[in-house]
Amino acid sequence: MRLEEYWGIGPKTSELLAEELGVERAIEAIESADTRALTTAGLSRGRATRILRRATGAESMDLLATRDTRDVYKELLDLAEEYAVTADAADSIRVLTPLPSREAIDERLDDVLEARDTWADLSDADQRAVLGAFDAYDADGGELAAVDVALALRDTGIESGVFEPLAAIDGESLSAGRAALAGLAGDGDAVGEGADDELDRLRDQLGQIEDLAAASMEVVEAVQEGARRPDEFQDALVRHVTSKTGIDAARIRDAMPREATDARDFVDVALRELRTTLRSDVQERERAVADRLEDDLADARADIDAAVKAVDDIAFSVSLARFAIAFDLTRPTFVEDRKTIAVKRARNLTIADIESVQPITYAIGDHTLDLDRANQPPSGDRVAVLTGANSGGKTTLLETLCQVQLLAQMGLPVPAEAAEVGIVDTIVFHRRHASFNAGVLESTLRSVVPPLTESDRTLMLVDEFEAITEPGSAADLLHGLVTLTVDRDALGVFVTHLADDLEPLPTEARVDGIFAEGLNQDLDLEVDYQPRFGTVGKSTPEFIVSRLVANAADPVERSGFETLATAVGEEAVQRTLSDALWTDE
């Protein structure tokens, strides 16, 4: 296979990867989603991520039919990435894609939920120990760094769940392999420091002799000070070199020349001979130690490979486990014979840190989920028109449904107490865009209509379509989209303020509403974000006008707002102000 056959790899990128990695290694990196290898070769992280997403999930990426769907997908990955315990785990999360089959979805869900349960069962001390092991992990350190993490994780004593692969590795073999890796990782030497005590001793002595040889005149002067007579010079030289290097006296004497022109020449020749023989001894010892370490490494190879894989897998699993726990994600129930998305007490992940967020129960399609509400979503309505108050959470509900469907088809748990999800081919999510021209209308129609006509397993989530064209035409076009969704046997939720202009809707579509309930004592709008099914929501502009009247300090400004109050219903405005500003004692 040629590199240019992969999505996003043109001639220049292909040439770069071939030059830096070689074609075979580059293909291996792409097939194994190795972001680090591609970025080390010179690709930007964003480009590497896009290439790998397409390489590993090309058949499923068409699920992301619109820019807004893709934005939600990226937001989900960004959130999950925050819980990554290593840089490699973050890279692996970034290239997660929707999965092509129910079997693949179930397999990933099983893995993530097993990791979640394992992590949740650990004590705080054990969790800190695991995170500490990963904090010290530098993937640039290669196999040695991974083995160090594996040994640290084994030391925690955790052997259940996702940690089981490490427990199955021979600890003694792995430790020996670690020593071999460290010994063969010397910088410029065949064997690194610490691998062999005798080799370290010989190297130290060689270094000390080289230092003495570089300052031989100083050696002569020191020796002459300790030799009262010329015949004592040799003994003094032996004592001096031995004290500085620890070299055996007999070896020093063997290195002394039989003849020399003077003291300087005598010392130079002796030190050169010592340096030569020591270098020979170091090289011989290095070869012997290297051979031993290579044998040890070969013996431990299977355990090292298993440890490296286990560390990568555990880091990835723990990262997703922490993400699932942080947002209290649960396993969705998949249905294959029905079209539905139904959620009980679902939460939008982008606002999940707000304690006061109101979970939402909602459903379209043929669901069997026990939603346990008096205001039960009916089963069978595949299309809904969602109406109601401004700032009522309609867009957030669409986004939440998009998050649930994407996470489910990525094989990840979802932010709901319970969820029932059918597999779809395409998610058409369209946020409200405040642009009003023919070009925007045309591009929007081009993005939302083709996916709907190409498959009957489409989820339409369309927000305030009327914002991109004039109200009359918007109502006609939106009615057409709702009708087309019904005709194509697809699922859809359409947010609009034009519900009355859409009548009559197809019998398979229903109208839901979100209601504003008034102003609180701080004059903030109070909204029941839970939709009421089969009823048109109210925007209740009198609440907004009431707040403007109450907050107006300038008399002229207040008079203007009071005129608006008359237009929307002065009695309703006064009643709202009374309810908000005065309470019964």
- prompt: Hey, what do the phi angles of segment 4-21 turn into as Karplus ³J(HN,Hα) couplings, whole Hz, using 6.51/-1.76/1.60 and θ = phi - 60°, x for Gly and Pro?
  reply: 6, 6, 7, 4, x, 10, x, x, 5, 5, 4, 5, 4, 5, 5, 6, 7, 10
task: Please report 367, 479 as a ranked list, fewest other C-beta atoms within 10 angstrom at the top and most at the bottom.
output: 479, 367
statement: For segment 226-291, the percent of all C-alpha pairs falling in each 10 Å bin, from 0 up to the bin holding the max distance, is 19, 48, 22, 9, 2
- line: Note: the chain at 37 °C, 0.692 mPa s; Kirkwood Rh on alpha carbon pairs; Stokes-Einstein D in µm²/s works out to 110 µm²/s
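What ranking do 423-430, 172-179 get when scored by the average of other Cβ atoms within 10 Å per residue, highest first?
Averaged packing, sorted descending, gives the order 423-430, 172-179.
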- request: Assuming 0.692 mPa s and 37 °C, estimate D for segment 1-58 with Stokes-Einstein, Rh taken as the Kirkwood radius over Cα pairs, in µm²/s.
  value: 305 µm²/s
message: Could you list 131, 166, 401, 16 so that the one with the fewest beta carbons within 10 Å of its beta carbon is first and the one with the most is last?
response: 131, 16, 166, 401
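Rounded to two decimals, what ratio of Rg to Rh does segment 1-142 give with C-alpha atoms and a Kirkwood Rh?
1.01
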field: Calculated from backbone phi, Karplus (6.51, -1.76, 1.60) coupling profile of segment 305-311 in Hz, x at Gly/Pro
entry: 4, 5, 5, 4, 5, 5, 4
- prompt: Which number do you get for Rg(Cα) / (2.2 N^0.38 Å) in segment 333-539?
  reply: 0.98
field: Debye intensity ratio in log₁₀ form over the Cα atoms of segment 93-135, taken at each q of 0.27 Å⁻¹
entry: -0.92
Value of [θ]222 nm, deg cm²/dmol, for the chain, DSSP H segments ≥ 4, -39500 (n - 2.57) each, nearest 500: -18000 deg cm²/dmol
field: Cut-off under 5 Å, modelled amide H: who pairs with residue 430 long-range
entry: 461, 462, 463
query: ³J(HN,Hα) across segment 253-268 via Karplus (A = 6.51, B = -1.76, C = 1.60, θ = phi - 60°), whole Hz, x for Gly/Pro?
result: 5, 4, 7, 6, x, 6, 9, 7, 6, 7, 4, 4, 5, 4, 5, 4
message: Check which residues have an amide H placed less than 5 Å from residue 537's amide H, if you skip close sequence neighbours.
response: 387, 388, 513, 514
message: With just the Cα atoms defining each centre, how far is segment 402-469 from segment 189-212? Give it in Å.
response: 67 Å
- request: Count charges around residue 60 for me, please; just the other residues with Cβ under 14 Å from its Cβ, Lys/Arg as +1, Asp/Glu as -1.
  value: +2
field: With Cα atoms, 0 to 90° folded angle of helix 555-568 axis to the chain main axis
entry: 60 degrees
message: Report the Rg/Rh value for segment 175-321, based on alpha-carbon coordinates and the Kirkwood definition of Rh.
response: 1.25
message: I'd like to know how segment 295-345 sits against the 2.2 N^0.38 Å rule of thumb: what's its Cα Rg over that expected value?
response: 2.01
query: How big is the antiparallel share of DSSP beta bridges in the chain, given as a percent to the nearest 5?
result: 40 percent
statement: So the pair-distance distribution of segment 256-347, from every Cα-Cα distance in 5 Å bins, comes to percents of 2, 9, 8, 7, 7, 7, 7, 6, 6, 6, 5, 5, 5, 4, 3, 3, 3, 2, 2, 2, 0
- line: Put in order of increasing Cβ neighbours within 10 Å, starting from the fewest, 468, 169 give 169, 468
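Throughout, read-outs are computed from the coordinates displayed, never taken from laboratory work. Every value quoted in this text rests on a predicted model; they were computed, and no experiment measured them. FYI the Cβ positions are ideal-geometry reconstructions off the backbone, even for glycines, and counts take in every protein chain you see.
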